[in-house]
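The structure's right below; bear with me while I get my questions together.
The values are calculated or read from the model by the stated rules, or taken from the named source; none is laboratory data. Not measured: the values here are computed from a predicted model. When we count neighbours, we look across all protein chains shown, and the Cβ atoms used for this are built from the backbone with ideal geometry, even at glycine.
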Amino acid sequence: MRVLLVEDDAELRRRLSDRLASSGLAVDCAATAADARDWPDLPQLGAIILDLGLPDGDGLDVLRGWRAQGHTVPVLILTARGDWRDKVDGLNSGADDFIVKPVRFEELMARLHALWRRGGGRSANSLVAGRIALDPVAQTATLGGQPLELSRKELTLLHLFVRRPGHVIAQDEILEQLYPLMAERDRNAVEAHISRLRRKIGRDTIRTVRGLGYRLEA
Ligand code: CA
């Protein structure tokens, strides 16, 4: 899952992006309203975490611009404690949820996962595909009720598949979700992650669709 973090405070940006990355998310960062406004691949993002007080503009104006262009990516706003006007203005501008500074990382993750569950039309904690169940908040997965031991990248990969069982997931989409925009992307790494995941959930569970990508058979 790819996330864009828009935050001008360098220390907070580094702290949050490190923790998001170690939770298995691919994180891109922007520090200004101008960078965020013209972000090149908004439709590929799973969510945006948006600070409102940016040095060259108001985060809400950036958000209104995205919505006016028809972008539906979930947006989580960072706001100062108790500033209810930010929340009202944010909702009116198309925000999906809020997180109050100082940011507690566990709350941030819980809110992100709640956005994704709502986006997928699911209200239960677990995503289920065949014998596989994945809990995106607890970051755990089971196969036939037995816990799976997965690396962060493998869990992110499995998450991509169980959200859309039976659909072909393109190799490029997997690359985008596993690795941030600026990082070097390596197709061989995707194949290596897929083959490790196959060893854990069953060789035939993930089919290669030649020239297109991979599909979860559940
Ligand atoms: Ca700020």
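Hey, Leu54 hits all of (1) touching a Leu at 6+ places or on another chain (Cβ under 8 Å); (2) surrounded by 18 or more Cβ atoms within 10 Å (Cβ to Cβ) but one; which does it fall short on?
Status for Leu54: all satisfied but (1).
If Ala26 satisfies every condition in (1) at pLDDT below 95; (2) in contact with a Cys (Cβ under 8 Å, 6 or more places away or on another chain) but one, which is the exception?
Condition (2) is where Ala26 drops out.
While we're on this one: Can Arg13 be described as in a helix (DSSP H, G or I), within 12 Å of the ligand (Cβ to nearest atom) and over 15 Å from Thr72 (Cα atoms)?
Considered against the rule, which asks whether it is in a helix (DSSP H, G or I), within 12 Å of the ligand (Cβ to nearest atom) and over 15 Å from Thr72 (Cα atoms), Arg13 comes out as yes.
State all residues of segment 68-94 that are more than 16 Å from the ligand (Cβ to nearest atom), surrounded by 15 or more Cβ atoms within 10 Å (Cβ to Cβ) and under 20 Å from the mean Cα position of the chain (by Cα); if no residue qualifies, say none.
Scanning segment 68-94 gives His71, Val73, Pro74, Gly94.
A further question on this structure: Tell me, which strands (runs of 3 or more DSSP E) lie completely within segment 121-190 with 1 or more residues that are modelled with pLDDT under 85?
127-129, 132-135
Follow-up. Residue check: is Pro55 modelled with pLDDT of 90 or more, within 26 Å of Arg19 (Cα to Cα) and not aromatic (Phe, Trp, Tyr)?
Taking the combined requirement at face value, the residue satisfies it.
Please specify each residue of segment 53-86 satisfying the condition of being over 22 Å from Trp116 (Cα atoms) and not in a helix (DSSP H, G or I).
Once the filter is applied, which keeps residues that are over 22 Å from Trp116 (Cα atoms) and not in a helix (DSSP H, G or I), segment 53-86 yields Gly53, Leu54, Pro55, Asp56, Gly57, Asp58, Ala80, Arg81, Gly82, Asp83.
More than 24 Å from Arg19 (Cα to Cα), free of Cβ contacts under 8 Å to residues at least 60 places away in the same chain, surrounded by 14 or more Cβ atoms within 10 Å (Cβ to Cβ) and more than 21 Å from the chain's Cα centre (by Cα): does that describe Ile169?
In short, no.
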